[in-house]
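In what follows, a structure is listed as structure tokens, so that the remarks can point back to it.
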Amino acid sequence: MSKTLFQSVLLLLFLFATPELMAQKRAKRLADEDTQNWRYEIQCVNVGRQGSYLIKVYSFSRRKHIPEEQSKKNAVHGVIFKGIPAGDRGCVAQPPLARNANVEEEKRAYFDDFFAEGGKYMKFVSLTTDGAVAATDRFRVGRNGREYKIGIVVTVNIDLLRKELESAGIIRGLSSGF
Amino acid sequence: MKNILLTAFSILSVLFAHSQAKKPTLMVVPSDNWCISRGYSLEFDNQGAIEVIPDYKRAFQENADLLLVISKLNGLMAERGFPLKNMETVIKSRELNSALDAARSSRSSGAEVAESPVDQILDQAKADIVLQLTWSVNQTGPKKSVTFNLQGLDAYSNKQIATAAGTGAPSFSAELPVLLEEAVQSYIGPFANTLQDHFDDLFENGREVTLRIKRWDDWPNDLETTYGPDTEELGFIIEDWMADNTVKGRFSTTDATENTMLFEQVRIPMFFERNGRQRAMDTRRFASELSKFLRSDPYNIENKLTTRGLGEATIFLGSK
């Protein structure tokens, strides 16, 4: 009797948990795909002290909630390869850290490790407001509104990031060669 | 064992063979406009014309905001591996050295330290790249904003090689030092980026310098005198040497008369090889090669070489 009950509970758990797990896996896979496509927009929110910038990064997702890590990766990627556009509150446009447009391809192995799960990118970015999304920062976009554009504010320490890329030989320092 | 020694030797020779280029010196200097508009100026009578020049010493002594901005800039550039010369310290050190030289005399002969009028003129606070700093405060009612302008000026080509300028967001509450600090923090990235463009250009196309040729008035020949088997004018011989020895043959002959030649935008290599090792090239070294060329057969022209900083050299033809 007790054995049958135990087996039934297990079966029920399996039946309920599997779709949830599958959904989570699927969401992560989609998020990873979006991250690999580097679909995002960034906005400068404010200039911090000691070389840090407050950035709002808009990521795109088919789900209403976006994984925080995707936003963090997008923000760091933007600082390295796109630069920060000028914004309100005295935000001056910042050039991308990588001056060579092909460096992402040329240093593919480094950037694969850098942006991997738990990769080094995490050292240079942190969520502000615990990743909470303001009501005005989540809206539907695309054909039939099937996609969400979600803005999350993060802090990126550009000075530290620049030093890391310089020491890894990805970008040239101002004094290199002298 | 022999192989290990050989490997170690070859690694060391490769390490030492790669020399580094001469690092230009950078110094933040408040602009004439900034100094004079704030009253940090001196007036002097230059043969009847009243001239106003900036009084840097008083600016450093009296303006705390200037010290703050320079300190912040120095710190941020030092973080990028490019510490700046501090103008205030350079001025003090120059004054102290002048005082010491004036007081010093030889113990045996009583002779004083030799200094020509030219030495006195050259003895100024100088750097290869001057970071000229200007800011102004804009006030509309209670709102304040700062217009910030940082220009990187090459002291020898007189070109603006880097820049960052703009006006910050107006603030009701922030005090001036805070606005200035924010401006420096915001503009240092774009400024360093344009400076990096300049350095990349140096490494690709060579350092841009100026070279002058002049003649002493007691020399019987001039730059139109013909020399060599082709009986070519000296001016053209020098021009040909320049074309052969500059990077990609790049230079401009700005002036050429029988008495003087001025070569601008002369691109000299960053390195030269000596005893199998690469060494950093500067204008003096480059011009000394021309000086040697002119002293050698068939020209045999005695000459004197003088330099000003890393980027300007003059060769005087006729004697030392």
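Would you tally the net charge around residue B:104, using a Cβ to Cβ cut-off of less than 14 Å, leaving residue B:104 out, and scoring K and R as +1, D and E as -1?
Around residue B:104, the surrounding residues sum to -2.
Counting only other residues whose beta carbon sits under 12 Å from that of residue B:22, what net charge do I get with K and R as +1, D and E as -1?
Net local charge, residue B:22 excluded: +3.
If you take every residue apart from residue A:76 with its C-beta less than 10 Å away from the C-beta of residue A:76, what net charge results, scoring Lys and Arg +1 and Asp and Glu -1?
+4
Taking 60 Å as R0, compute the FRET efficiency from the Cβ-Cβ separation of residue B:97 and residue A:105 and round it to 0.05.
Efficiency, from the Cβ-Cβ distance: 0.65.
State, in angstrom, two size descriptors of chain B derived from its alpha carbons: Rg to one decimal place and Dmax to the nearest whole number.
In order Rg, Dmax, the Cα atoms of chain B give 24.5, 81 Å.
What is the ratio of the Cα radius of gyration of the protein assembly as shown to 2.2 N^0.38 Å, with N the residue count, to two decimals?
Computed over Cα atoms of the protein assembly as shown, the ratio equals 1.34.
From zero up to wherever the largest Cα-Cα distance of the stretch B:226-292 sits, split into 5 Å bins and tell me the percent of pairs in each.
Here the calculated profile for the stretch B:226-292 is 4, 14, 23, 26, 16, 9, 6, 2.
Show me, bin by bin at 10 Å from 0, the whole-percent P(r) of the stretch A:50-118 based on Cα pairs.
17, 44, 33, 6
Which parts of the stretch A:82-120 would a label at residue A:167 reach, counting a residue when its backbone N lies under 15 Å from a point 7 Å out along Cα-to-Cβ?
Only A:120 pass the distance filter.
Using the Cα atoms of the stretch B:74-176, I'd like the radius of gyration and the largest Cα-Cα distance, Dmax, both in angstrom.
20.9, 71
Given Cα positions, please report Rg to Rh for the stretch A:38-167, the hydrodynamic radius being the Kirkwood one.
0.96
Quick check on chain B: helices-only [θ] at 222 nm, where DSSP H runs of length 4 and up contribute -39,500 (n - 2.57) each and the sum goes over total residues. Nearest 500, please.
Calculated mean residue ellipticity at 222 nm is -12500 deg cm²/dmol.
Bins of 5 Å, beginning at zero and ending with the bin holding the largest distance: percent of Cα pairs per bin for the stretch B:206-317, please.
Computed distribution, short to long bins: 2, 12, 23, 26, 20, 11, 5, 1, 0.
No lab work stands behind these numbers, since they all come straight from the coordinates. Keep in mind it's a predicted model, so treat the numbers as computed, not measured. Every residue, glycine among them, receives a Cβ derived from its backbone with ideal geometry; neighbour counts consider all protein chains shown.
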